[in-house]
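Taking it in order: structure first as C-alpha cells, then the write-up.
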Amino acid sequence: MPTPLAWYLGLSAVLFGIGVLGVLVRRNVIIIFMAIELMLNAVNLAFVAVARSRGSLDGQVIVFFVMTVAAAEAAVGLAIILAMFRNRETTNADELATLRW
Amino acid sequence: MNPVVFVALAALTVLSAFTVVLHRNPVHSACALVVTLFLLAVFFVGLDAPLVAVLQVIVYAGAVVVLFLFVIMLLNLQVEARSMASPLLVFAAVAGGMALVACLAVVVGRAAARPAADLPAGFGDTVSVARALFTVYLLPFELTSVLLLVAIVGSVALAKKTAGEG
C-alpha cells in the first residue's frame, strides 16, 4: 500500500509551520534565513507530492525554479548579512532596528 | 513509499527541522539543515522524482548550506546567550504556528481524496523533466539564468569591501 498524498501534504504543512516558528522566535538573522529555506523546502515537498499524485511533471519543473530562486536568494541574503555585520558588528535582529517605525 | 518507512522518515525530518530552528549553536543548526534536506531528497526519490532529488542534494545540501557554514565561520558566531525572542512572542508564535498547521491540514484533508494517477514511463527522470523544461517552460528557464546573473553581480557588489574601508 503506497503512502497517501495527504500524509505528504501534512508533513509539508508541519515543516512549513516549523519554519514560520523559527522566523518568529529566533533573533539571529542567519537562523531566520535557514528557517526560510526550510519553508521553501516544505513547499517543494508539496509540489512533488501533488505532481506524483496527478501524474504531471509541472510540479517538478516548478520545484526546479523554486530551487534556483532559493539559491539566488541565499547568495544575496548572506551578502547582505555580511555587509550588515561589517557595519554594525551584530547579527541580532533586535539590534538591527534602524528602519523600525 | 511504504507508510511505515514514511512515518519513520517523517519523524526524523521533523526532529531535524526542530533542531535547525531551536539549537543555540548556528553550526549545529546548519548541520541539522543538511540532514533535513537529505531526508527531503529521500522523499523525492520515493515520489518518483529522481532528478529533483539529485538537484536537492547538489544545490541545497551542497551549495546553499556550504554558503551558510562559510558565513557562520566568517562572522565567527558563537553559541548565543539570548537566542530567543521574549516569552510572550514565543507563546504567540507557537500558537500562531499551530493554528497555521491546523488550517493547512483542514484544506489538505479536503483536497486529497483522489487516487494516484497512473504514471507514464520515465516519469521524473532527466529526459522527461528536461523536455518539459526546454519546451513548455523555455522562457522561465531562460529568465532564471538572468536571475542568477543578477544574484551573482548583486552579492559580489554587496559583500566586497568598499574602497577606504578596512
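I'd like the residue in region A:44-101 that is within 7 Å of chain B (Cβ to nearest Cβ) and not in a helix (DSSP H, G or I) and, out of all such residues, is modelled with the lowest pLDDT.
The residue in question is A:Thr91.
Failed condition for B:Leu47, given (1) closer than 30 Å to A:Asn92 by Cβ; (2) in contact (Cβ under 8 Å) with a residue 24 or more places away in the chain; (3) of a type outside the set (Asp, Glu), with all others met?
Going through the list (1) closer than 30 Å to A:Asn92 by Cβ; (2) in contact (Cβ under 8 Å) with a residue 24 or more places away in the chain; (3) of a type outside the set (Asp, Glu), B:Leu47 breaks only (1).
Could we say that B:Val7 is assigned to a helix (DSSP H, G or I), modelled with pLDDT of 90 or more and more than 7 Å from chain A (Cβ to nearest Cβ) here?
When the stated conditions are applied, B:Val7 passes them.
Of the residues B:Val27, B:Val79, B:Val21, B:Val71, only one is among the β-branched types (Val, Ile, Thr), surrounded by fewer than 17 Cβ atoms within 10 Å (Cβ to Cβ), under 16 Å from A:Ile31 (Cα atoms) and in contact with a Leu (Cβ under 9 Å, 6 or more places away or on another chain); which?
Step by step, each of B:Val27, B:Val79, B:Val21, B:Val71 is checked, and only B:Val27 is among the β-branched types (Val, Ile, Thr), surrounded by fewer than 17 Cβ atoms within 10 Å (Cβ to Cβ), under 16 Å from A:Ile31 (Cα atoms) and in contact with a Leu (Cβ under 9 Å, 6 or more places away or on another chain).
Spot the failing condition for A:Leu9; the list is (1) of a type outside the set (Phe, Trp, Tyr); (2) crowded, with 24+ Cβ neighbours inside 10 Å; (3) touching a residue at least 12 places away in the same chain (Cβ under 8 Å), and only one is missed.
(2)
The values are calculated or read from the model by the stated rules, or taken from the named source; none is laboratory data. Just so it is clear, the model here is predicted, and its values are computed rather than measured. Cβ: placed from backbone, ideal geometry, glycine included. Neighbour counts: every protein chain shown.
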